[in-house]
Structures are given as structure tokens and as C-alpha cells.
1. Using the alpha-carbon centroid of each, what span in Å lies between segment 158-229 and segment 19-63?
2. If you rank Thr48, Thr145 by fewest surrounding Cβ atoms within 10 Å, what's the result?
3. Using Cα pairs closer than 8 Å and at least 6 residues apart in sequence, work out the relative contact order for the chain, in percent.
4. What ranking, highest mean first, results for peptides 129-135, 220-226 when packing means the other Cβ atoms within 10 Å averaged over each residue?
5. Calculate how steeply helix 46-60 sits against the longest principal axis of the alpha-carbon atoms of the chain, using the helix alpha-carbon long axis, and give the answer as 0 to 90 degrees to the nearest 10.
6. Take every DSSP beta bridge whose two residues both sit in the chain, then give the antiparallel share in percent to the nearest 5.
7. What is the angle, in °, between the Cα long axis of helix 121-133 and the longest principal axis of the Cα atoms in the chain? Nearest 10 is fine, range 0 to 90.
8. Order by neighbour count: Val236, Val110, fewest other Cβ atoms within 10 Å first, most last.
Amino acid sequence: MAIATTPIRSSERLVRELDWNLLRTFIVLAESRSVTEAAQKLRLAQPTVSTALKRLENRLGKKLIDRSPGHYRLTDVGELIYREAVDIQGSIFRLTTLMRDVTDDVRGHVKIAVASHVVCPVFDDALSHFHAKYPKATLSVDVHTSRDAIAAVAERSASFAICLVRDRNPKLEYSRLYREFFGLFCGPPHPLFGRDGLKRRDLAGYASVSFETDRLHDVLKPVTLMRAEADLGEHVIGTSSHLEEVRRMIIAGLGIGPLPVHVAQRDVDAGQLWHLPPYDKMPEIDVHVVWNARAKLNRAEEALLHELLSRIKSTPIEERTYG
């Protein structure tokens, strides 16, 4: 039977006519060294397997395997169809798990990877509403560097992440959760603590502490530029990837350091931090929700992610800008 030379048929017609059993047989053919070997694995007669291959090739209008005496190799189209068929097979295998999870109550575990000290009322409200609606779902929140949080989402070991974003992975999805402003602060032991009327030039030469990502080529580049414009000393006394540790070093008087203004406000009110210039045109940093659209999420993961994204969509960015 000659293989049709017309282009692959329309998607709708292919969905109607394509038999999954043909794809299942083709997976075995692609993972074998001959039709005879594939027939043995499937426990079918060789002519039956050869006929199934011809039927699939005719359905698609493309040759999938080059066969001749001593030669057996997938074509480029065959390689493509094999990869897609394996994905389809994985989805079918997962159906039993998905159906087992379907109950009257939404259950399941949500694992969130967050950058250090995310402070966002929109996120808090989403968590509160989610728990009230689905009390049998469970949560875990793991603190990572932003880079590691994104890696966890890409590896599908986290449901989604809330973090800073530098370079976007085209395989992931992003939505800005909130915007924060960074300012410079010092602690009680510092000579500038409690002084009013300070100008940016008054900071010149003082030591500083900061985040590990506070570099010209990294995500906190605007903060790096702010420190440079304040002419702080080039020697950075201490660094950390965690906001709480940067805060600790600032309060201890090790140096002047950057913090999100809305996060530091409670310490300013308590007399543990002093806000230093600049007081306007402070660096703007966006914090994003990052998720993997290709990941198979359980119902709890889907529900919380949907809740959070819906709140982002319905809340103007002005109301998600802090500091």
C-alpha cells in the first residue's frame, strides 16, 4: 500500500480518525531494532505490526520508519511522532492517579518556593481564602534564593515560585505579583543613626552590607547603582541571600544596607533601623509568580495558583506597589 503524499490532515480530522492503539504500537516499533522484535514485544504476528505501521503512516501522510535489508531507522517525522506519543502515553497513565484524587473535597499538597521575606497582602489574602475554601489541602513554603526557586519550578519539585526574575526561561510562565522600592538603612550603632537632614553625600565612604545578587550583572542591579550613587565604600562587609540576615547585619551596625522600604518600616517604627537618603527615586524591584505550564498539578495546586493569578488580574498594579 503506497503512503499518501498529501500533507498531514487537519488537526480536527486527525483527532477524530487517529487510533491510540496505532501510536502505542509505534512507540514499541520506535524502541525496537526491527518489526520482528517489536512484534515479539507486543506478542503479535509480524504482519499485524507491519499493517499497523502502514495504517499510521497513511493517517499522517508521512513515512515514519526507513526500512530496508539491514537498515531500520526512524525518519525525522518519526522521531517527532515518537516523542509526542510518549507524552500522550504518560498522560493516559496519569489518568488513574487524577481520577483517584477526585473527591468531593479538594485535597493535595502545595509546595511553594519563595524568595527571602516576601511581604505581600495580595499573596496573604490568597492563602487565607484558599485555606478557608479547601481546609483539607496542605501547604509548605520553602525559602530559596530566587535562582533556586525558579530552578525548583523548572524541575517540577515546586508547585510555583514567588521571587525576583532576571532572565526568563521560555518554558516557564511569569506574572508580576507586586512591586517594591528599596531604600538604604543603618542600625543603632552606626554614626548616621537618628540624624535628620542627611544628604546622599553624607553616606560617602561608609562600609556597606548587601545581598549576594546586588551586582551590576544580576537581578538587583538598580540597588547596586543606588549604592554606587551614594558613594558608599567599595568594601562590602557582609552579604547574604536572605533578607533577614542582611537586616541582622544592618541592625548590628556592620554597615549601611538596602532593604525593601515596606518590609523595613516596622523596624524603623521600633527604632531598630534608620532610613537614609535617597528618599525619592528609589530603585523599583518587581516580584513575580513563576509556574510551569507543562507540569501536571494536583487539584490543590491548581486551585491556589488560580486564586493567586485571579487576584493579580483583578487588582491594579498601583494597589500592588508597596513603599
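Just so it is clear, none of the values below were taken in a lab; they were calculated from the coordinates. All values reported here derive from a predicted model rather than from experimental measurement. Cβ: placed from backbone, ideal geometry, glycine included. Neighbour counts: every protein chain shown.
1. Each part's Cα centre sits 59 Å from the other's.
2. Details: Thr48 11, Thr145 19.
Listed from fewest to most nearby Cβ atoms, that is Thr48, Thr145.
3. Working: 520 pairs, mean separation 66.7, N = 323.
Rounded, it is 21 percent for the chain.
4. On the way: 129-135: 14.3, 220-226: 18.6.
So the order, starting with the most tightly packed, is 220-226, 129-135.
5. Approximately 60 degrees, to the nearest ten.
6. Antiparallel bridges make up about 60 percent of those DSSP assigns within the chain.
7. Long axis of 121-133 versus the principal axis of the chain: about 50 degrees.
8. Val236, Val110
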